[in-house]
Amino acid sequence: MAVNDNFPAPDVLIVGAGPVGMTLACVLARQNISVRIIDRNDGPTAYSKAIGIHARTLELMHTIGIAEAMVERGNPMQRFRVNADRRCIIDASFASISSRYPFVLGLPQSVTEHLLSRQLAECGVSVERNTEIVEITDAGSPADPGRPARVILRGPGGNGESVSTSWLCGCDGSRSSVRTLLDIDFPGGDYRRAFILGDVRIDSDEAQDELQFFISRHGYLLMIPMPRGMHRIIAQTDKTLDDFQGTARPEASLEELQAIVDRNGPGGVRVHSPAWLTCAPFYYRLAETPRRGRAFLLGDALHLYSPLGAQGLNTGAHDAFNLGWKLAQVISGSANLALLDSYTEERMAIARKIAEVTSRTTRFITNTTPWYRTLRKSVVPLVNASRRVQIDLPWLMSGLRQSYAGHSLSAGNPAGDLKPGDRCPHAYVRVDGALRPLAAMVHGQHFTLLVLHRRDTTDHRQNLMKWLDNCPAAKRLRTCYITREPMEQNIALGIDTAHAIEDTTAEVFHAFGLNQGFVLVRPDGHLALLDSNAGNLGAVADYFAGPYWTFDEPVKSEPSAVANAYA
């Protein structure tokens, strides 16, 4: 294979143009980071694949401008029910979660990829199709500016291309070439069950806004309403992993799916007009490390879960938002390389927790032994009305409880139940006469400083402006001055009214559990710093005086100096 090395070097080379890769590309491109994104396939997926989009993911997708389009194209599901032997044992609602998106959205992955691709094109980036990575000649050294990652790609015509890049991101799925070429182990196991997954139409009176779980002595069935009258059905079969070890893999049939629905389901449901059917075992795996040199793993390349909790795509998207803002800060010269170490610290802790929860849930759902079924039917209904089921379970499923509390980038003291590292809570604020979610103001490319005072006074404004004028950290902040009582409209004192908010309903104050104080919010919408003393803004300066940040002028060139070392 002839290799051509006469190509510009990108700041970031992304391998894999599924939802995770394109999300990362959008986050970076919106911050003027040069990106190349390649994919071995000739186009986006035509299949529905991952269809469950949780509230936290939609909040993050809002920052790159596609959440509302996703909701418009999808099917919101407000409730979920678990039925054992056709008797409801769990009935809960997502109405209790505090989010602009209090539901699970049923949306085919093909639509998600289309919306991301369109958004990416608006950022001036297109996916290079029929292009794959075939070799990593050097994973690079972050400590050495003259040693980028170096890879060889194979393009549509079979021609080779040598590429050097500051950062390499493997978003190429469970069979990741990047992970394999980096020789990173991917240990895990299976649930000793195989399942039919199908997108079908059904004749039934079942509700269109509910996730329906059915458990019986024969196994497990999940029915998920999708847009345009389709349903995703996941049905437990009698097959095991051993049946998939030969050259002839078991195939799914509509007749077998109908038989399982008749046996396990609510009764009176006819499935027909399949758009997609497959049969597969479920796995759980977690890479031994998410990083080697200048290369990172994200999404299914890093972690693989049972699909029963719809956590795979969602967790991968959260990986992309977590790493994206950190890479942008490092590449632009606003942060030191040490900031990237927090990706491993934060995301591996989350990945392990999700692996534990999804594995436990899958075993709970699929266990068909008589004693376990009896225990499940007798005990679970007793706790259905509890806070653990009605409040904690929807919050957990939606991703809103995922937190970086206790990690290196979280500082300050808790405010009630809220801790540094938690996701920024939901609240509506009135800006220019219109209600906007707080998340729309604090998520995205910048750190946001929210300064909360019960009353608007000249002293409060003057002290804030004086601090902003004299603090080196102020240049990296967007600042919002929020009061509970109406402001004195004749006092300007240099504060832009677009960043001065009257929270007369006290939604923001209640959300943070503060009577006054300040909150520093990271670009990915997690809390970096909390303080109940609004006069202690020096803590913000101390935060940015830590080992992660630099106050030099941005050093980024197009492309970066590191990537150009071998260009």
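The values are calculated or read from the model by the stated rules, or taken from the named source; none is laboratory data. What you are looking at is a predicted structure, and each value in this text was computed from that prediction instead of being measured. Neighbour counts run over all protein chains shown; Cβ positions are idealised from the backbone, glycine included. The accessibility values were calculated without ligands, DNA or RNA, using every heavy atom of the protein model including side chains. Shrake-Rupley method; radii C 1.70, N 1.55, O 1.52, S 1.80 Å.
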Query - Listing of strands (runs of 3 or more DSSP E) fully contained in segment 62-136 that carry 3 or more residues being closer than 28 Å to residue 262 by Cβ and hydrophobic (A, V, I, L, M, F, W, C) - result: 79-84, 87-93
Query - Matching option when the condition is in contact (Cβ under 8 Å) with a residue 12 or more places away in the chain, open to solvent by less than 20 Å² (accessible area, probe 1.4 Å), over 29 Å from residue 338 (Cβ atoms) and not acidic (Asp, Glu), among 188, 170, 158, 219 - result: 219
Requested in this report: Kindly indicate the residue of segment 36-60 that is part of a strand (DSSP E or B) and within 20 Å of the chain's Cα centre (by Cα) and also surrounded by the fewest Cβ atoms within 10 Å (Cβ to Cβ) among those meeting that condition.
Outcome: 52
Report task. Determine if segment 475-484 includes at least one residue that is closer than 26 Å to residue 310 by Cα and under 24 Å from the mean Cα position of the chain (by Cα). Result -> no
Report task. Could you tell me whether any residue of segment 432-447 is among the polar types (S, T, N, Q), on the phi < 0 side of the Ramachandran plot and in a helix (DSSP H, G or I)? Result -> no
Requested in this report: Taking the options 115, 58, name whichever one is in contact with a Phe, Trp or Tyr (Cβ under 6 Å, 6 or more places away or on another chain) and either within 18 Å of residue 38 (Cβ to Cβ) or free of Cβ contacts under 8 Å to residues at least 60 places away in the same chain (or both).
Outcome: 58
Report summary line: Going through (1) within 23 Å of residue 109 (Cβ to Cβ); (2) open to solvent by 30 Å² or more (accessible area, probe 1.4 Å); (3) touching a residue at least 24 places away in the same chain (Cβ under 8 Å) one by one, residue 204 fails only at (1)
**Report entry** Evaluation of residue 18 against (1) touching a Phe, Trp or Tyr at 6+ places or on another chain (Cβ under 6 Å); (2) crowded, with 21+ Cβ neighbours inside 10 Å (one fails), failing number
**Finding:** (1)
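Conditions (1) open to solvent by 40 Å² or more (accessible area, probe 1.4 Å); (2) basic (Lys, Arg); (3) at pLDDT 85 or above, marked per residue:
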| position | (1), (2), (3) |
| --- | --- |
| 357 | no, no, yes |
| 361 | yes, no, no |
| 366 | no, no, no |
| 371 | yes, no, no |
| 375 | yes, no, no |
| 379 | yes, no, yes |
| 384 | no, no, yes |
| 396 | yes, no, yes |
| 401 | yes, yes, yes |
**Report entry** Out of 33, 51, sole residue that is at pLDDT 90 or above and at negative phi
**Finding:** 33
Requested in this report: May I ask you to list the residues in segment 242-273 that are open to solvent by 60 Å² or more (accessible area, probe 1.4 Å) and either free of Cβ contacts under 8 Å to residues at least 24 places away in the same chain or not acidic (Asp, Glu) (or both)?
Outcome: 242, 245, 247, 248, 249, 255, 262, 263, 268, 270, 273
Query raised in the report: Counting just the residues of segment 189-218 that are small (Gly, Ala, Ser) and out of contact with any helix residue (DSSP H, G or I) (no Cβ under 8 Å at 6 or more places or on another chain), which one comes out nearest to residue 330 (Cα to Cα)?
Result: 189
Report summary line: Within segment 81-120, residues over 21 Å from the mean Cα position of the chain (by Cα) and either open to solvent by less than 40 Å² (accessible area, probe 1.4 Å) or farther than 22 Å from residue 198 by Cβ (or both) come out as 82, 83, 84, 85, 87, 88, 89, 90, 91, 92, 93
Query raised in the report: So, in segment 327-348, of the ones that are in a helix (DSSP H, G or I) and of a type in the set (Gly, Ala, Ser), which residue ends up surrounded by the most Cβ atoms within 10 Å (Cβ to Cβ)?
Result: 328
